[in-house]
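Contents: one structure, followed by commentary.
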Amino acid sequence: MQRVLNIETIKYINKNVKVCGWVNSRRDHGGIVFLDLRDRSGILQIVVTPTAELAKDIKNEYVLEIEGKIQKRPIKMFNPELETGEIELKAENINILAKAETLPFDLKDLNVSLPVLLDYRPITLRNKKIQAIFKIEEEAINSFRKTMKDLGFAEFQAPTIVPVATEGGAEVFHIDYFNGDAYLAQSPQLYKQILVGVFERIFTITRAYRAEPSVTTRHLTEYISLDAEMGFINSWQDLMDFCETVIRNIFLDLGKSCQKELKLFSATLPKLGEKIPRLKMKEAQEIIFKRTQRDNRESPDLEPEDEKEIYEFAKEKYGSELIFISHYPTKKRPFYTFPDPKDPEYTLSFDLLCRGLEIVTGGQRINDYEKLVKNIKKRKMKIKDFKFYLQAFKYGMPPEGGFCLGAERIVKQILDLENVREASLFPRDMARIDQRLSVSKKRNPRRKTSSLSGNKLKK
Ligand code: 4AD
């Protein structure tokens, strides 16, 4: 007999089927045993009666193949929470495909601390609510890809072993490369720029690595970077328009395909208002000062508490839970960032904050070869390290720019997760690679900070 998925069994009332899956839970009622069988499509109730003999040895997470008849449940036994809640399968034969040991916690009503959740990741990912996080992440990534393709961007695969750090400030993982030096890419930045010189519009969904030396609720050492870059921009404002389209579509698509998942978290999609408001960093700092009397007006970046305050402001004034903040100081942004011709102390770059956390960074880039060379020298970086990249500019690069969206961060903000690690399938940080590490000074003898000066501050 061919296997059918649990969700399909609703079409087989009074017919015999074969289903396969894991035991999500077991309930014994006298001589009757109820099993909730979980497969990739959902849950199906299995009833083992008149004698429970067939289910005698079966425990949670056993992997079963069950044959039997699909029958309508008595009305008072309907379960509106399940898509198969009006039916059940009366087991006639149960074949154990794999046994499972007793779980260290209740997987169905998972209530464990974050470290335990991550220590047992191969199992805790089987929980329905945890799975929902990654369905949302997958749909957000699909949506990004679709929007980019619809807008004429070509997809590329970025290298992750690179000869030089790009983002500075944020630290870089050094690797011993056949007795030479190489790094794990902090961003596909230089490659997406090079490829604007080839394809005009380019995007990638890739891994980026940051040797974050502290444990915060917003930083991972490996994250998913959704990067876009485009040439022939009329103004840096075009980039915010594109970014806004991407974000709007992500929320629209999640609204269409992930209602069930959002409901598990009682989450609502962030409101954007008619247009995402845009403020310069200095303007934002003035507003924050007026609202709170907290004076961070001389700070070269928005502090985390400022990001939260400006979110409250945007929500109250514009009905938007997102806000673009632009014009960060030139000396605090990477070497490729375009200074504002009207005030070169500040850049034509922006962050997009969602519910008080930065989820995107973007901006116009310096596309003039001579200016780029001058800037690299000014920052005391070595031209020879950038010779390869600079070819793209030496031989003609249109006005260009782009942005990057952190996948885990947007999911964190949509679902109001406490920690960005919850939005990473297998999160890495200084204290964990799958399992907890014993962090000592010895662990990082080769970690180097970037030689690039004057870059974005880590918050
Ligand atoms: O702000 P970042 O460092 O900017 C860049 O990488 C530029 N190359 C982007 C550009 O196109 N100009 O990183 C971009 C985004 C952040 O807004 C954040 O969403 C995410 O990547 N991100 C991280 N997410 C999790 N953990 C970390 N350590 C992250 N660092 C950055």
message = Using alpha carbons only, how many angstrom separate the centre of the stretch 206-240 from the centre of the stretch 47-91?
response = 47 Å
Count of Lys pairs (Cα-Cα under 14 Å; at least 8 positions apart or interchain) in the stretch 1-110 = 12
Probe 1.4 Å, accessible area per residue of the chain, Å² = 49 Å²
Estimated distance in nm for a label pair at GLN391 and SER438, the labels positioned 7 Å out from Cα along Cα-to-Cβ = 4.8 nm
ask   = Which sequence of SER113, SER25, SER235 reflects their accessible areas, 1.4 Å probe, from the largest down?
value = SER113, SER235, SER25
Helix axis angle, 128-150 relative to the chain longest principal axis, alpha carbon, degrees = 50 degrees
Under-25-angstrom lysine pairs by C-alpha in the stretch 117-197, whenever the two are 8 or more apart or on separate chains = 4
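For the chain, which whole percent of the accessible surface, found with a 1.4 angstrom probe, sits on carbon and sulfur atoms?
Taking all protein chains in place, the chain shows 51 percent carbon and sulfur surface.
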key: the chain, helix-only ellipticity at 222 nm - DSSP H runs n ≥ 4, -39,500 (n - 2.57), divided by all residues, nearest 500   = -8500 deg cm²/dmol
ask   = If you put +1 on each Lys and Arg Cβ and -1 on each Asp and Glu Cβ, how big is the dipole of the stretch 305-354 around its Cα centre, in Debye rounded to 20?
value = 260 debye
ask   = Against the longest alpha carbon principal axis of the chain, how many degrees, from 0 to 90 and to the nearest 10, is the axis of helix 189-199 turned?
value = 90 degrees
task = Taking the Cα centre of the chain as origin, work out the dipole magnitude from +1 charges on Lys and Arg Cβ and -1 charges on Asp and Glu Cβ, in debye rounded to 20.
result = 840 debye
task = Grab the other residues whose beta carbon is less than 14 angstrom from that of PRO427, score K and R as +1, D and E as -1, and report the net.
result = +1
message = On a straight-distance basis, which aspartates and glutamates could pair with LYS394 in a cross-link, Cα separation under 14 angstrom, same-chain partners fewer than 8 positions away excluded?
response = ASP368, GLU370
task = Of all alpha-carbon pairs in the chain, indicate the percentage at a distance above 28 angstrom.
result = 59 percent
inquiry  = Give me the percent relative contact order of the chain, please, defined on Cα pairs under 8 angstrom at least 6 residues apart.
reply    = 15 percent
message = Give the lysines whose C-alpha is closer than 18 Å to that of LYS308, dropping any in the same chain fewer than 8 places away, or say none.
response = LYS271, LYS280, LYS282, LYS290, LYS317, LYS412, LYS458, LYS459
ask   = From the phi of every residue in the stretch 9-21, what ³J(HN,Hα) in whole Hz does the Karplus formula 6.51 cos²θ - 1.76 cosθ + 1.60 yield, where θ is phi - 60° and glycine or proline is x?
value = 5, 4, 8, 10, 4, 6, 10, 8, 9, 10, 10, 9, x
inquiry  = With angles folded into 0 to 90 degrees, how steeply does helix 281-292 sit against the dominant principal axis of the chain? Use alpha carbons for both and round to 10.
reply    = 70 degrees
note = Per-residue accessible area, 1.4 Å probe, largest first, puts LEU151, LEU352 in the order LEU151, LEU352
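The values are calculated or read from the model by the stated rules, or taken from the named source; none is laboratory data. Computed from a predicted model, the values in this text were never measured in an experiment. Neighbour counts are summed over all protein chains in view; Cβ atoms, including those assigned to glycine, are modelled from backbone coordinates with ideal geometry. Areas reflect the complete protein model, heavy atoms only, side chains present, ligands, DNA and RNA absent. Shrake-Rupley method; radii C 1.70, N 1.55, O 1.52, S 1.80 Å.
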